[in-house]
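J.: My structure is below; once you've seen it, I'll send some questions.
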Amino acid sequence: MGAEVAVRGVWKRFGTGDGEVSALEDMSFTVGVGEFVAIVGPSGCGKSTLLKLLAGFEQPDRGEVLIDGRPIVAPSRRGIMIAQRGSVFPWMTVRQNLDLALDRTPDRDRHQIIAQHVDLVGLAGFEERYPHELSGGMLQRVEVARALVAKPDLLYMDEPFGALDALTRLGVRNELLRILTRDRPTCLLVTHDVEEALHVADRVFVMTPRPAKVARVVEVAAPRPRRMSRPELVGLKETILTELGLSVADVA
Amino acid sequence: MTRLLPVGVCLGLTALWWLAASGSPIFPTPGAVLLGIASLVKDGTLLRHVTASLYRVTYGYGIALLLALPLGILMGWSRTAFTAFNPVVQMLRPISPIAWIPLAILWFGVGDLSPMFLVFLASFFPMVLATSSGVQLVEREYLWAAQNFGVTGLKLFTHVIIPGALPTIITGMRVGLGVAWLVVVAAEMVAINSGLGFLIMDSRNAGMRYDLVVAGMVMIGVIGLLLDLVMRRLENLKEVRWRYARGR
């Protein structure tokens, strides 16, 4: 499981004429197999654009995105996106959502795989519920379970917990980390929550405002599970916040 | 308490009507209308006319639905199809079905086919438009997710696009049936000898029985209400609750 991501000199612009904005300029980086990278940066800096390029929903104007050495031309089941606004189909039950994501699995295995994933995210017993009958935190877990059912090599997460309250957010995050130790897909998480990035990632990319560039790469070596009060993590948080233009006095 | 409110309003208005109509030569009282309905029920004419009207609506509306759904889905999905068909639909839509009566009689004669055709015209366009905008309104996130999980072809339509558009389609079906019911009555007032519209015209022409005229009107209202209640039940299906639940 897992795949290598290589971004090579990628440029992306939006709009035309005077309204044209440059989202990404000459961006390059590599993410190793099974690595967890968090991308933090100011709002509207092109983080979401970057994820869409990686997942194949958009194509770069220049440069290339390589997955295991091959350019990505369209979205595929290898790289699943967990979108900001959530995309669990509201007209289907939890079971039906997972079933649709399973694709060509033989019938005799489907039931068991679904049961296993529903259990994994702690939603056993909710298989026949519709999304509008679930809480925000539960819905986000369905989103994760559905993504994992497809057995992706890559998981792209765009502010996946943004709509949740702080406590639920921490719960779902911990759960995600626990689940990911099982499959170990390569993960890219876009977030504006520096603490969240330091909690989950092996490396944190700090982005500049538009056009986005990787201003700094922060290695997070702390063992897991991480206590955010560890002095080295507190130090890294200050480093990143300073990089983002906030003085430590503002946040302390 | 609030549940009794509509009943109260109804009774109040009926009382007002009774007061105003008492002794009036041009306005039948609620009592006269009730007796009129009773007599129509007793001799079986009411059932015959109601059946005739519902029969025409069933076919006209049914065929409209069968054609409006595929055309609406096509227009909602394909930019080209939308560009091609939308101007025609938008131009035909504001023509009242009543204006088609002369042509309907010319083409289909004075039988059941004419009112069926008019009912078809009345309900077809609102349902085409609702379906196409329903398909266009399916959120991009859902289409992306479908693409991401490799859902394509027919399965994309049956599992994502149509269910995503269904709440809007059902609203269109409700509007369509409402208009169908309005139009069948109007169509039956011309060149046909059955149905609730005919009952109303006939009651006047055959002896100024305004009690029966109003009895016919009341029945149209009651059946229209029942039809709408049936359609509203569709909005309570679990597969579409998500859309309507948001605003409540």
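J.: Using a Förster radius of 60 Å, what is the FRET efficiency between residue B:27 and residue A:165 based on their Cβ-Cβ separation? Nearest 0.05, please.
T.: On the way: r = 63 Å, r/R0 = 1.04.
That gives a FRET efficiency of 0.45.
J.: Relative to the first principal axis of the alpha-carbon coordinates of chain A, what is the inclination of helix A:166-183, with its axis defined by its Cα atoms, in degrees from 0 to 90 and to the nearest 10?
T.: 80
J.: Express the relative contact order of region B:29-246 as a whole percentage, based on alpha carbon pairs under 8 Å and six or more residues apart in sequence.
T.: 27
J.: Take the protein assembly as shown, compute every pairwise Cα distance, and split them into 10 Å bins from 0; I just need the percent in each bin.
T.: Whole-percent P(r) values from 0 Å outward: 4, 15, 20, 18, 14, 11, 9, 6, 3, 0.
J.: Find the centroid of the Cα atoms in region B:1-59 and in region B:179-208, then give the distance between the two in whole Å.
T.: 16
J.: Turning to a different aspect of this structure: Which percent of Cα-Cα pairs in region B:119-218 sits in each 10 Å bin, short to long?
T.: 15, 28, 19, 15, 12, 8, 2, 0
J.: May I ask which of A:151/B:155; A:47/B:238; A:47/A:151; A:52/B:155 have a Cα-Cα span longer than 28 Å here?
T.: Among A:151/B:155; A:47/B:238; A:47/A:151; A:52/B:155, the Cα-Cα distance tops 28 Å for A:47/B:238.
J.: Partner chain Cβ atoms within 10 Å, averaged over the residues of B:158-167 - can you pull that number for me? Let's see the in-between values first.
T.: Values: counts 0, 6, 4, 0, 1, 5, 3, 1, 1, 2.
Partner Cβ neighbours, averaged per residue: 2.
J.: Just grab the label-to-label distance for residue B:244 and residue B:18, each label 7 Å out from Cα along the Cβ direction, in nm (one decimal).
T.: Inter-label distance under the simple model: 3.5 nm.
J.: Once label points are set 7 Å from the Cα along Cα→Cβ at both residue B:78 and residue A:174, what is their separation, rounded to one decimal in nm?
T.: 5.4
J.: Per residue and in Å³, how big is the convex hull formed by the alpha-carbon atoms of chain B?
T.: Considering the Cα atoms of chain B, their hull volume per residue is 163 Å³.
J.: Could you please tell me the mean projected area of the C-alpha convex hull for chain A, averaged over all directions and given in square nanometres to one decimal?
T.: Projected area, direction-averaged: 14.6 nm².
J.: Set the Förster distance to 35 Å, then compute FRET efficiency between residue A:77 and residue B:236 from the Cβ-Cβ distance, nearest 0.05.
T.: Numbers: r = 35 Å, r/R0 = 1.00.
The formula returns an efficiency of 0.50 here.
Readers should treat all values here as calculations from the given coordinates under stated rules, not as data from a laboratory. As the structure is a prediction and not an experimental result, all values here were calculated from the model. Every residue, glycine among them, receives a Cβ derived from its backbone with ideal geometry; neighbour counts consider all protein chains shown.
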